[in-house]
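A short write-up of the structure that comes next.
Every read-out reported here was derived from the displayed coordinates using simple, explicitly stated rules and does not represent laboratory data. Note that this is a predicted model, so its numbers are computed, not measured. Cβ sites come from the backbone with ideal geometry, for glycine too, and all protein chains shown count toward neighbours.
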Amino acid sequence: GVNVVFDEGGPINGTFSTPVLTISGFLTYTVPVTLTAFDAIGNVVASATSAFTSNLALSGDSGSSPNEFLGVSFAGGISSFTLRGDSLGSSLTLDNFSFTPVSTPIPEPSSLLLVLVGLLIAAGVQGMRRRKIAQALPPAEHNGN
């Protein structure tokens, strides 16, 4: 992407207006990084820590590489998060941050309700047919004569 976020002055904090299932991003950092997720009342529900102490391209730990993927998930819904490196900041960049919203299932009508609606429609159609037949008969036949 074109934009990245960095921890200027301290940790990166975020809040979601509605809970999400997952949060993730790609990190480049100079100190170990921890991603902590919280539920709606502030309880820690998930946490992940970077694999290295530093993953800078030229001076990072042996075996590391920039843009390490870090993510967490919680089926009960994540309402906020903190991404913490150095407590004073200027220790990490976050790229391609993403999240997965909690999908709200659309309730299906109950089978009984569908059957009842079908029966009501059928009864209405039957009643309309009877009226049309009664209107088409000569008047003497209406009275049973």
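So the values come out like this:
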item	result
Counted charge near G10, where neighbours are those whose Cβ lies closer than 14 Å (Asp, Glu -1; Lys, Arg +1)	-2
Quarter of Cα convex hull surface for the range 32-79, i.e. mean projection, nm²	3.6 nm²
Cα gyration tensor shape for the range 1-64, rounded if a/c is under 1.5, else prolate or oblate	prolate
Protection proxy ranking of 58-70, 74-86 - average other beta-carbon atoms within 10 Å, highest first	74-86, 58-70
